[in-house]
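One structure below.
What follows draws every value from the coordinates through simple rules; no lab data is involved. Fair warning: this is a prediction, and the values are worked out from it, not measured in the lab. Backbone-built Cβ (ideal geometry, glycine too); neighbour counts: all protein chains shown.
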């Protein structure tokens, strides 16, 4: 599992903006932008509206 850093940039009503960064690779695997975005969405699932 890679070390991922998530920074909340801003939050208002129904919009959450985050900065997500992979700090290192495990098994020389670099996550794609899509994989990082999906991971962040999963992390905040249920905390904010899906819209």
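Just subtract the alpha-carbon distance of residue 9 and residue 29 from 0.36 nm times their residue separation and send over the number in nm, one decimal.
Working: separation 20, 0.36 × 20 = 7.20 nm, distance 2.64 nm.
Gain in length upon complete extension: 4.6 nm.
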Inset, instruction - Only helical DSSP H runs with n ≥ 4 go in: add -39500 (n - 2.57) per run for the chain, normalise by residue count and round the 222 nm mean residue ellipticity to 500 deg cm²/dmol. - result: -6500 deg cm²/dmol
Inset, instruction - Report, in degrees rounded to the nearest 10, the 0 to 90 angle that the Cα long axis of helix 33-43 makes with the longest principal axis of the chain. - result: 50
Legend entry - Largest-first principal axis extents of the Cα set of the chain (Å): 39, 17, 14
Legend entry - Order of 18, 6 under a 10 Å beta carbon neighbour criterion, fewest first: 6, 18
Legend entry - Relative contact order for the stretch 4-43, counting Cα pairs under 8 Å that sit 6 or more residues apart, in percent: 33
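What full-extension length gain, to one decimal in nm, is calculated for residue 41 and residue 20 as 0.36 nm per residue of separation minus the Cα-Cα distance?
On the way: separation 21, 0.36 × 21 = 7.56 nm, distance 1.09 nm.
Length gained, residue 41 through residue 20: 6.5 nm.
Of the peptides 35-42, 7-14, how do they stack up when ordered by the mean number of other Cβ atoms within 10 Å, highest first? If you can, show how the numbers build up before the last one.
Numbers: 35-42: 13.8, 7-14: 8.8.
Packing proxy ranking, top to bottom: 35-42, 7-14.
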